[in-house]
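See below for the structure under consideration.
Only the coordinates and a few stated rules stand behind these numbers; no lab work does. Keep in mind that what you see is a predicted model, and the values were worked out from it rather than measured. Backbone-built Cβ (ideal geometry, glycine too); neighbour counts: all protein chains shown.
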Amino acid sequence: MTLVPADLRRADGSLADRLLGWRPRVSCQDGLLRTISWFEESFAAA
């Protein structure tokens, strides 16, 4: 496995776009914020 510096890693949806015509509807930043909010709400009562 080749190690890549963290600042060079990023999601690439080009294969999904080419093969399936899929494109993300939510930006990476918005998706992360939504995920964090979901975890906070879901586990706050636990």
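Observations, loosely collected:
- For the stretch 14-37, a tally of residues being part of a helix (DSSP H, G or I) and exposed (fewer than 10 other Cβ atoms within 10 Å of the Cβ) returns 6.
- Sub-9 Å Cβ pairs linking a first residue in the stretch 19-33 that is without any contact (Cβ under 8 Å) to a residue 40 or more places away in the chain to a second residue that is of a type in the set (D, E), at least 6 apart or interchain, are R23/D17, ordered by first then second residue.
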